[in-house]
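> Below you'll find the structure I mean.
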Amino acid sequence: QAQTPQDLIAREGVLQLAPANYPETQVWGYSGAVPGPTIRLPQGGRMTRRFVNELPQPGTIHWHGIRIDNAMDGVPGLTQDVVEPGETFLYDFVLPDAGTYWYHPHNRSYEQMARGLSGALIVEEADGGPEVDSDEVLLLDDWRLTEDAQIAGGFGNMHDWAHAGRIGNWITVNGTGDWRTTVQRHSRHRLRLVNTANARIFSLEAQGLEGWLIALDGMPLDAPQSLGRLTLAPAQRADIIVDVTASVGEEALLVNFERDGGYAIASFDVTAVARSERLDAPSPLPPNPVPQLGPLQTARTAKLLMEGGAMGRMDGAMMGGQMMGMREMAGAGKVWAFNGMADMPDAPLVAANRGETVRIDITNDTAWPHAMHLHGHHFRQIADDGTAGALRDTLLMDRGETAQIAFVADNPGDWLLHCHMLEHSAGGMMTWLRVV
Ligand code: C2O
Ligand code: CU
Ligand code: CU
């Protein structure tokens, strides 16, 4: 018996985003909430939501990080048609992996996400997960607000925003600039951090909390790592376990050290003592059923050169089959390119057979960092000595850096590979792979 799916309605609304002495901000949210409602489902379960588009522009929903059915991936022109204003689309898929995922638009995402559209999709471990006193989702966002607390315009326009992308002037956690909760000394909490910002890279430190990193981009680490400074590029997630070590009456904090000095983005007021002693380090989460990498010597390979950003660094790029100079590219809103192409290419970067291991060598030949995201799969970064790093779906690459990533192409369909700094992907940093 099929159940009527719940609706996820994208529509305009208002939110007290800035402090109370400012006006409410006009935002776009899912079902009246910014961020959208947190969806929690069991591993192996099925996600069904009817997307209702009540926005003044077409949209889709992308379920970021899920090893999803290609037809449900939400990419306009590649996996589905856009959902026009007033129309609906039924998303219906199975959740193979436990972990912290999220959903967001994939049409004009640089605008729609800057206006507030995104939410968390939490897939719970089959065994119930680690024993904690609370499990909190913290969606970190970065807004560009005008003096009267409205969302500034100029979306995706590289003439108006710095090459680093749309960096805001107002940071929120779960839609508030003053995220705060009460905790007890020696209590233990799972925090699921998600960077939903267009372009800002967070650099976080826990104070008054002893922490362990247990998962990245939804995928469990082999062993929990003691928590140092945590870099979170756009779209990246980190699951951490924290024990409260601050004393009663004190505050524990999550501090962003992206700039000198640092400032708290989340506060934990310590009100009482939960237990007399601290707990042991947490045990690792059970691994997700992601296939093991095959030999890299025989892997299918591709090369990706990231270019653009500054006059003189790139001679031009192919657009619509024509060579464009830098000035024409800027006129067309294209400032970035992959392999000399500032448009989504007609042919895939690489086509692989199902089950094949794919290796992509990426070179960041620009003067800015980028957050490379692959749809439908998790990859590992391969170090110079051949060792494979943690499973991820988004890799932060520093200026001038090269990286080698590898994954098993086990999910048939057409999958995007793009920079998750949304002004960069809109500006040309977008390509795709085919798995047959
Ligand atoms: Cu979260 Cu193609 O994106
Ligand atoms: Cu994605
Ligand atoms: Cu980028």
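The values are calculated or read from the model by the stated rules, or taken from the named source; none is laboratory data. As the structure is a computational prediction, the values presented were derived from the model and not from experiment. Methodologically, a virtual Cβ is constructed for each residue, glycine included, from the backbone with ideal geometry; neighbour enumeration extends over all protein chains shown.
> With part of a loop (DSSP other than H, G, I, E, B) and out of contact with any Asp or Glu (no Cβ under 7 Å at 6 or more places or on another chain) as the only criterion, which of 252, 235 stands out?
Numbers: 252 fails: part of a loop (DSSP other than H, G, I, E, B).
Checking each option against the conditions leaves just 235.
> Name the single residue, out of those in segment 175-218 being polar (S, T, N, Q) and surrounded by 19 or more Cβ atoms within 10 Å (Cβ to Cβ), that is nearest to residue 252 (Cα to Cα). Spell out how you get there, then give the answer.
First pass over segment 175-218, keeping only residues polar (S, T, N, Q): 176, 181-182, 184, 187, 195-196, 198, 203, 207.
Adding the requirement that they be surrounded by 19 or more Cβ atoms within 10 Å (Cβ to Cβ) leaves 187, 195-196, 198.
On the way: 187: 12, 195: 21, 196: 23, 198: 27 Å.
Only one residue fits best here, namely 187.
> Now, a different point. Counting only residues that are over 26 Å from the mean Cα position of the chain (by Cα), more than 30 Å from residue 365 (Cα to Cα) and among the β-branched types (Val, Ile, Thr), how many does segment 265-310 have?
Initially, segment 265-310 is screened for residues over 26 Å from the mean Cα position of the chain (by Cα), giving 269-281, 294-300.
If we keep only those that are more than 30 Å from residue 365 (Cα to Cα) too, we end up with 269-281.
Right, trim to among the β-branched types (Val, Ile, Thr) and you get 270-271, 273.
Summing the residues that are over 26 Å from the mean Cα position of the chain (by Cα), more than 30 Å from residue 365 (Cα to Cα) and among the β-branched types (Val, Ile, Thr) in segment 265-310 gives 3.
> Tell me the residue from 162, 114 that is within 16 Å of ligand 3 (Cβ to nearest atom), at pLDDT below 95 and under 28 Å from residue 334 (Cα atoms), please.
On inspection, the qualifying residue turns out to be 162.
> Looking at residue 121 and the list (1) under 28 Å from residue 213 (Cβ atoms); (2) of a type in the set (A, V, I, L, M); (3) more than 16 Å from the chain's Cα centre (by Cα), which single condition is not satisfied?
For residue 121, the exception is condition (3).
> A further question on this structure: If the requirement is being modelled with pLDDT under 95 and either assigned by TED's automatic domain parsing to the domain that holds residue 117 or at negative phi (or both), which of these qualifies: 33, 20, 10, 71?
Numbers: 33 fails: modelled with pLDDT under 95; 10 fails: modelled with pLDDT under 95; 71 fails: modelled with pLDDT under 95.
Of 33, 20, 10, 71, the one residue that is modelled with pLDDT under 95 and either assigned by TED's automatic domain parsing to the domain that holds residue 117 or at negative phi (or both) is 20.
> A follow-up question, please. Is it true that some residue in segment 373-384 is within 21 Å of residue 77 (Cβ to Cβ), touching a Ser or Thr at 6+ places or on another chain (Cβ under 7 Å), at pLDDT 95 or above and not polar (S, T, N, Q)?
Yes, segment 373-384 contains a residue that is within 21 Å of residue 77 (Cβ to Cβ), touching a Ser or Thr at 6+ places or on another chain (Cβ under 7 Å), at pLDDT 95 or above and not polar (S, T, N, Q).
Yes or no, residue by residue, for (1) β-branched (Val, Ile, Thr); (2) buried (at least 17 other Cβ atoms within 10 Å of the Cβ); (3) in contact with a helix residue (DSSP H, G or I) (Cβ under 9 Å, 6 or more places away or on another chain):
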position: 74; (1), (2), (3): no, yes, no
position: 79; (1), (2), (3): yes, yes, yes
position: 109; (1), (2), (3): no, yes, yes
position: 144; (1), (2), (3): no, yes, no
position: 156; (1), (2), (3): no, yes, yes
position: 169; (1), (2), (3): no, no, no
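> In the list 420, 424, which residue meets the criterion of being assigned by TED's automatic domain parsing to the domain that holds residue 306, within 16 Å of ligand 3 (Cβ to nearest atom) and modelled with pLDDT under 95?
424
> If a residue counts only when it is surrounded by 16 or more Cβ atoms within 10 Å (Cβ to Cβ) and either of a type in the set (S, T, N, Q) or within 16 Å of ligand 3 (Cβ to nearest atom) (or both), which strands (runs of 3 or more DSSP E) contained entirely in segment 354-404 have at least 3 such residues?
In segment 354-404, 356-364, 370-374, 394-397 are the strands (runs of 3 or more DSSP E) which contain 3 or more residues that are surrounded by 16 or more Cβ atoms within 10 Å (Cβ to Cβ) and either of a type in the set (S, T, N, Q) or within 16 Å of ligand 3 (Cβ to nearest atom) (or both).
> How many residues are of a type outside the set (Val, Ile, Thr) and farther than 16 Å from residue 116 by Cβ when one looks only at segment 165-178? First the steps, then the outcome.
Initially, segment 165-178 is screened for residues of a type outside the set (Val, Ile, Thr), giving 165-166, 168-170, 174-175, 177-178.
Next, only the ones that are farther than 16 Å from residue 116 by Cβ stay: 165, 178.
Qualifying residue count for the region: 2.
> I would also like to ask the following. State whether the residues of segment 210-219 include one that is in contact with a Phe, Trp or Tyr (Cβ under 6 Å, 6 or more places away or on another chain), of a type in the set (A, V, I, L, M) and either within 16 Å of ligand 2 (Cβ to nearest atom) or closer than 24 Å to residue 281 by Cα (or both).
No, segment 210-219 contains no residue that is in contact with a Phe, Trp or Tyr (Cβ under 6 Å, 6 or more places away or on another chain), of a type in the set (A, V, I, L, M) and either within 16 Å of ligand 2 (Cβ to nearest atom) or closer than 24 Å to residue 281 by Cα (or both).
> Follow-up question, since we're still on this one. Taking the options 152, 162, name whichever one is in contact with a strand residue (DSSP E or B) (Cβ under 7 Å, 6 or more places away or on another chain) and without any contact (Cβ under 8 Å) to a residue 40 or more places away in the chain.
152 is the lone residue from the list that is in contact with a strand residue (DSSP E or B) (Cβ under 7 Å, 6 or more places away or on another chain) and without any contact (Cβ under 8 Å) to a residue 40 or more places away in the chain.
> Within segment 39-57, is there a residue that is within 18 Å of the chain's Cα centre (by Cα) and either free of Cβ contacts under 8 Å to residues at least 40 places away in the same chain or crowded, with 17+ Cβ neighbours inside 10 Å (or both)?
Within segment 39-57, one or more residues are within 18 Å of the chain's Cα centre (by Cα) and either free of Cβ contacts under 8 Å to residues at least 40 places away in the same chain or crowded, with 17+ Cβ neighbours inside 10 Å (or both).
> All but one of (1) part of a loop (DSSP other than H, G, I, E, B); (2) more than 16 Å from ligand 3 (Cβ to nearest atom); (3) touching a residue at least 40 places away in the same chain (Cβ under 8 Å) hold for residue 347; which doesn't?
Failing condition for residue 347: (3).
> On to the next question. Going through segment 406-432 one residue at a time, which ones are aliphatic (A, V, I, L, M) and closer than 27 Å to residue 166 by Cα?
The first filter runs over segment 406-432 and keeps only residues aliphatic (A, V, I, L, M), leaving 406, 408-409, 416-417, 421-422, 426, 429-430.
Listed by number, the residues that qualify are 416, 417, 421, 422, 426, 429, 430.
> Hey, another quick one. Out of everything in segment 18-38 that is touching a residue at least 24 places away in the same chain (Cβ under 8 Å) and more than 21 Å from the chain's Cα centre (by Cα), what residue ends up being nearest to residue 89 (Cα to Cα)? I'd like the intermediate steps shown before the answer.
In the first step, residues of segment 18-38 are kept if they are touching a residue at least 24 places away in the same chain (Cβ under 8 Å); the result is 18-19, 22-31, 33-38.
Retained after the next criterion (residues that are more than 21 Å from the chain's Cα centre (by Cα)): 18-19, 22-26.
Details: 18: 33, 19: 36, 22: 36, 23: 34, 24: 30, 25: 28, 26: 25 Å.
Going through the qualifying residues, I end up with 26.
> Within segment 96-211, which strands (runs of 3 or more DSSP E) (wholly inside it) include 2 or more residues that are of a type in the set (Val, Ile, Thr) and touching a Ser or Thr at 6+ places or on another chain (Cβ under 9 Å)?
Working: elements: 99-104, 119-124, 134-143, 170-173, 179-185, 188-195, 202-207.
Of the strands (runs of 3 or more DSSP E) lying wholly inside segment 96-211, those with at least 2 residues that are of a type in the set (Val, Ile, Thr) and touching a Ser or Thr at 6+ places or on another chain (Cβ under 9 Å) span 119-124, 179-185.
> So for segment 379-389 (the condition being more than 16 Å from the chain's Cα centre (by Cα), among the β-branched types (Val, Ile, Thr) and within 15 Å of ligand 1 (Cβ to nearest atom)), does at least one residue qualify?
no
> Determine whether segment 335-342 contains at least one residue that is within 16 Å of ligand 2 (Cβ to nearest atom), closer than 25 Å to residue 107 by Cβ and of a type in the set (Gly, Ala, Ser).
Checked against the condition, which is being within 16 Å of ligand 2 (Cβ to nearest atom), closer than 25 Å to residue 107 by Cβ and of a type in the set (Gly, Ala, Ser), segment 335-342 yields no hits at all.
> Sticking with this structure for a sec: Go through segment 412-433 and give me each residue that's of a type in the set (Asp, Glu) and surrounded by fewer than 24 Cβ atoms within 10 Å (Cβ to Cβ). Please lay out each step first, then the result.
Filtering segment 412-433 for residues of a type in the set (Asp, Glu) gives 414, 423.
Residue satisfying the conditions is 414 alone.
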